[in-house]
Structure formats: structure tokens, C-alpha cells
1. Cβ-Cβ distance below 6 Å, separation of 6 or more or different chains: which pairs start in region 65-80 with a residue that is not assigned by TED's automatic domain parsing to the domain that holds residue 468 and end on one that is part of a loop (DSSP other than H, G, I, E, B) and modelled with pLDDT under 75?
2. Consider only pairs whose beta carbons are under 6 Å apart and that are at least six residues apart or on different chains; among these, list those whose first residue lies in region 163-179 and is in contact (Cβ under 8 Å) with a residue 12 or more places away in the chain and whose second residue is assigned to a strand (DSSP E or B) and of a type in the set (Phe, Trp, Tyr).
3. Output the residues belonging to region 170-186 that are within 17 Å of residue 58 (Cβ to Cβ) and either in contact with a Phe, Trp or Tyr (Cβ under 8 Å, 6 or more places away or on another chain) or part of a strand (DSSP E or B) (or both).
4. Limited to region 66-125, what total is found for residues that are closer than 14 Å to residue 180 by Cα, hydroxyl-bearing (Ser, Thr, Tyr) and not in a helix (DSSP H, G or I)?
5. Just name the residue that is surrounded by the most Cβ atoms within 10 Å (Cβ to Cβ) out of those in region 438-455 that are basic (Lys, Arg) and within 18 Å of residue 390 (Cβ to Cβ).
6. Looking only at residues in region 171-193 that are hydrophobic (A, V, I, L, M, F, W, C) and more than 19 Å from the chain's Cα centre (by Cα), which one is modelled with the lowest pLDDT?
7. Does residue 467 satisfy being of a type outside the set (Lys, Arg) and at pLDDT 95 or above?
8. When you go through 83, 87 one by one, which is the residue that is in the same structural domain as residue 155 (by TED's automatic domain parsing), touching a Phe, Trp or Tyr at 6+ places or on another chain (Cβ under 8 Å) and either surrounded by 21 or more Cβ atoms within 10 Å (Cβ to Cβ) or under 22 Å from residue 314 (Cα atoms) (or both)?
Amino acid sequence: MVTSQLCLPSHTIPSCHLTLLTSERVRRNKTLPFKKLHSSLFQSNSHQQHTTTDQSVAAIIFGDGSDSKSQLYPLTKRRSEGAIPIAANYRLIDAVVSNCINSNIYNIYALTQFNSTSLNSHLCKAYSGMGLRRDGLLQVIAAYQSPDHHNRWFQGSADAVRKCLWAMEEHPVREFLVLPGHHLYRMDYRQLISAHRNANADITIAASTAAAATHDPSFGFLEFDSSNKVLAFRFNSEVSKFRNCGSHGSASMGIYLINKDVMKRLLEDYFPNANDFTSEVIPGAVSVGMKVQAYVFGGYWEDMRSIGAFYRANMETTKEDNMGYNFFDRVMPVYTMPRCLPPTLISDALITDSLIGDGCIIGRCSVRSAVIGMRTRIGDGVVIEDSVIFGSDIYESEEDIVEVERIMRNGDEERKQRDMIPIGIGQHTRIRKAIVDKNARIGKNVMIINKDKVEEGEAKCYVIREGIVVLLRGAVIPDATIL
């Protein structure tokens with residue numbers, strides 16, 4: 001077992017939110033509109049106030065899904081779902097960890113397995129150092145083998161918790177809060193905890209009314225009475241029948257608050273062979289007569305059920321008057337890894353309705369309705385529309401390219417072609433309705449526009465999902481290519 005015990009840091013706060021851990025943090029009254037984010041953000045933190053850490057609840061975050069089975073593939077080809085970049089500067093898991101921090105839950109366990117290197121690294125770097133709460137921890141527990149579980153990885157969410165329960169039992173908590181690590185929403189978990197305890201429930205399930213009509217039923221659909229007691233848990237074909245019958249219910253968000261003793265009984269006594277919470281343990285708890293409650297959540301929630309959903313969630317962040325999820329919320333800010341990057345350099349570019357990450361170098365180009373990730377280099381004459389660019393892990397200078405040319409003049413032609421195209425977007429390239437993964441090398445005069453209007457397709461360096469062209473991480477697109 002690989003673990004990393006971390007303190008939660010003050011320096012993970014984005015620069016625009018650096019002083020928000022003041023009286024504004026504990027007022028919790030109202031999220032100010034984006035237009036009202038003014039100098040009041042930068043008030044002194046000398047009067048910083050902290051509410052008491054909730055030591056009675058431990059959060060369990062699942063950071064990943066299995067590569068090709070993931071609904072976000074190919075973005076998960078080299079990373080787990082929680083590590084996928086979003087909104088230029090963040091990772092998906094940051095939204096969930098931030099919900100915990102903003103809810104004063106500082107005992108957090110992140111269970112990781114598939115393609116977890118990037119996620120583990122991000123969590124270690126983002127949430128280490130000087131702590132917001134010195135009595136809290138974020139512990140990464142990677143899948144492991146032991147004499148008791150030889151040659152077996154996590155078989156599902158329930159199996160993962162069962163195998164790691166011994167580590168989580170070290171802290172005296174009342175409940176475990178089970179959370180998917182790749183969903184995008186803002187929730188104060190204290191309200192969920194309060195509803196759970198007031199109802200004297202064994203399990204409370206967060207349910208979304210906003211997504212009930214269009215929700216992918218993989219997390220199930222809840223039927224509950226006027227007191228929010230869950231009567232049934234339904235899936236797939238049962239969901240459409242239930243929706244049409246006019247009963248009271250909502251889509252499950254895959255968020256479960258479970259009493260500690262109930263968790264042990266469910267995983268060790270009632271369902272010792274169950275692998276999954278959603279399809280086995282939770283419906284089983286309802287069937288054996290445990291008191292299962294629904295907590296109805298009416299806010300924005302995106303479960304990232306597809307490439308299209310991920311794309312639309314990013315596009316919504318570029319519209320001030322139509323932000324589904326507001327990364328500029330000063331009352332419940334989003335935390336992430338601190339980076340020592342320079343400001344973005346923009347040279348006579350036309351940029352509208354876009355998010356630009358740190359450390360970009362942008363030439364004389366046009367960018368409209370786009371999310372531009374960190375360290376992105378955009379050449380002169382480039383046009384980017386309705387697209388998500390993840391950015392780069394490194395900078396690559398013109399001197400680097402000249403050196404590569406010198407060294408590889410007589411070398412491998414394919415590698416030479418790759419390294420002769422610098423990381424970034426070459427001059428006079430046009431990109432429309434696309435997702436460009438990290439470290440892509442896009443040549444000059446390229447057109448990434450889905451010229452054949454393909455809905456689904458695959459090639460060496462890209463795939464098309466729902467009409468969206470997705471360039472793979474490290475893709476090389478030669479000059480004058482048309483996709």
C-alpha cells in the first residue's frame with residue numbers, strides 16, 4: 001500500500017481568492033455575481049477566523065475509473081478521471097476536495113488505482129505544506145497487494161473501501177462521506193450531514209432534482225416518500241418506467257453518507273462479496289430494511305458522463321451570464337496546486353468569452369469561446385473557436401527546436417518530424433469544436449474542424465466523440481493537415 005499523509009495548505013488557494021479565509025468565509029450568506037468580484041476580495045487576512053474542523057466525518061474520494069471503460073476516454077488514456085484538467089488551471093478532483101475543505105471536513109482519503117500517477121502527484125503537491133487545519137489530513141491510498149489480498153486490485157468502490165477500512169478506522173469518526181472524484185458541483189456537506197443526523201438515518205444519499213430528466217442512470221434513481229425516506233433504488237429500464245409513473249424521486253449523485261458501524265456491517269456482514277456501492281451495497285441496504293434517506297440537492301451538478309458533457313461543462317465556464325459552475329465563487333473557492341508560472345503574455349490578440357490559464361504565450365490570433373490551459377503557445381494568425389486546450393507540461397523554445405534539428409539531422413524520420421514541430425499551436429492554424437490534450441504539437445496551417453462532420457470515429461492521433469475532435473496527449477499534427 002502506498003500512502004501519502006498530507007496537511008491541507010493555505011497556498012493552494014488561487015491568487016484571486018488568497019485572502020478569502022476571513023470573515024467572508026464564515027458568513028456563508030450569498031455568492032456574489034462575477035461582476036461584483038472587486039477589491040473587497042483582497043482584504044487583509046490578519047483577522048482570519050476559522051470554524052472548528054469536523055473530526056466526526058471522514059471523506060472517501062474515488063479518483064479514477066478504468067481507462068478504456070471510462071466514459072471520458074481517451075482523456076483517461078494516460079490519467080485517471082479525477083486528474084483531467086478543467087477550466088484552464090484546475091483538475092476535476094479539485095472541486096470535490098474543495099467542497100470538503102469549504103465544509104470543514106479535513107479527514108480525507110483518496111483511493112486511487114487506474115493511471116493514478118498524475119492524480120497522486122497532483123494531490124501530494126496541491127494539498128501538502130502549511131495547513132489550513134493542522135488537525136486535518138489528506139491521505140492517498142493507492143491500490144495495493146497484501147498477504148490477505150494477494151494479486152487482487154480494487155474490484156469496485158465497495159471493494160476498495162473494504163480493503164482500506166482498517167486504515168480509515170484509525171480515526172474516531174461517526175460517518176464516512178463517500179464521493180466520486182470527477183463530478184463538478186458545489187455543495188456544503190454540512191447541510192447533508194445535518195439532514196442525515198436529524199433523520200437518525202443509517203445512510204443518506206444525495207439526489208439531484210436538476211438532472212433527473214436527462215441523467216445517465218448509472219448511479220440509479222431514487223423513489224422516496226414525503227419524509228425523504230428512500231423506498232426503492234432503480235436502474236436503467238426501470239428508470240424510464242418510474243419517470244413516467246409520476247412518483248416522487250430524483251437521480252442519485254453517487255454521494256453517500258454512511259454511519260461508521262453501518263459501513264462495517266454492510267461490507268463485512270451483509271454483503272462481504274459486493275464490489276460496488278451503487279449497484280450492490282446501497283440497493284441491498286434498502287432491501288434489508290436499513291433507514292436510507294434522500295438529501296435533495298437542487299444546485300448545478302455535472303457527473304461527466306461523456307466527452308460531450310465534459311466539453312459543455314468547460315464551455316459554460318466561458319460565459320459569465322451562463323456559468324453552470326462558478327470557479328470565481330469567493331465564499332466557497334476552488335483550491336488547486338500552487339504554481340510558479342509567469343503571467344500570460346498576449347500580443348495583439350482578439351480574445352472573447354474565454355478562460356486563459358497561467359504562463360501562456362499568445363500571438364496575434366483570435367480566440368473565441370475557448371478554454372486555454374497553462375503554458376499554451378499560440379502562433380500568429382491562429383483562430384480558435386469553441387474549443388478546450390489543455391496546455392503543456394513544459395515550455396519549448398526556438399533554441400530547443402534548432403538543437404533537435406542539429407542532433408537528429410540523420411536520425412529517425414518519424415521522431416524527427418515529431419520533435420521538429422514545437423509543442424503548441426502553429427501559425428495560421430484553425431481549431432473549432434475540439435479538445436486538445438496536453439503537449440500536443442500542432443503544425444502550421446492545420447485545420448481541426450471535423451470537415452467530414454463525423455459523429456464518432458478514431459485515428460492514430462485523435463478520436464471523435466459526439467462530433468467533437470479530441471486530440472490525444474502528445475499528438476503530432478504535421479503542417480497543412482486537415483481533420
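1. 80/64
2. Listed by first residue and then by second, the contacts come to 168/109; 178/256.
3. Residues of region 170-186 that are within 17 Å of residue 58 (Cβ to Cβ), as a first pass: 170-181.
Selection gives 175, 176, 177, 178, 179, 180, 181.
4. 5
5. Within region 438-455, the first condition is being basic (Lys, Arg), and the residues that meet it are 438, 441, 444, 451, 453.
Keeping just the survivors that are within 18 Å of residue 390 (Cβ to Cβ) gives 438, 441.
Values: 438: 25, 441: 23.
Across region 438-455, the extreme among qualifying residues is 438.
6. Residues of region 171-193 hydrophobic (A, V, I, L, M, F, W, C): 173, 176-179, 184, 187, 192-193.
Restricting the remaining residues to those that are more than 19 Å from the chain's Cα centre (by Cα) gives 173, 176, 192-193.
On the way: 173: 91, 176: 96, 192: 97, 193: 97.
By that ranking, first place goes to 173.
7. Details: of a type outside the set (Lys, Arg): yes; at pLDDT 95 or above: yes.
So residue 467 fits the description; yes.
8. Working: 83 fails: touching a Phe, Trp or Tyr at 6+ places or on another chain (Cβ under 8 Å).
Just a single option satisfies the conditions, and that option is 87.
The values are calculated or read from the model by the stated rules, or taken from the named source; none is laboratory data. The structure displayed is predicted, hence computed values, not measured ones. Using ideal geometry, Cβ is built from the backbone for each residue, glycine included, and neighbour counts are taken over all protein chains shown.
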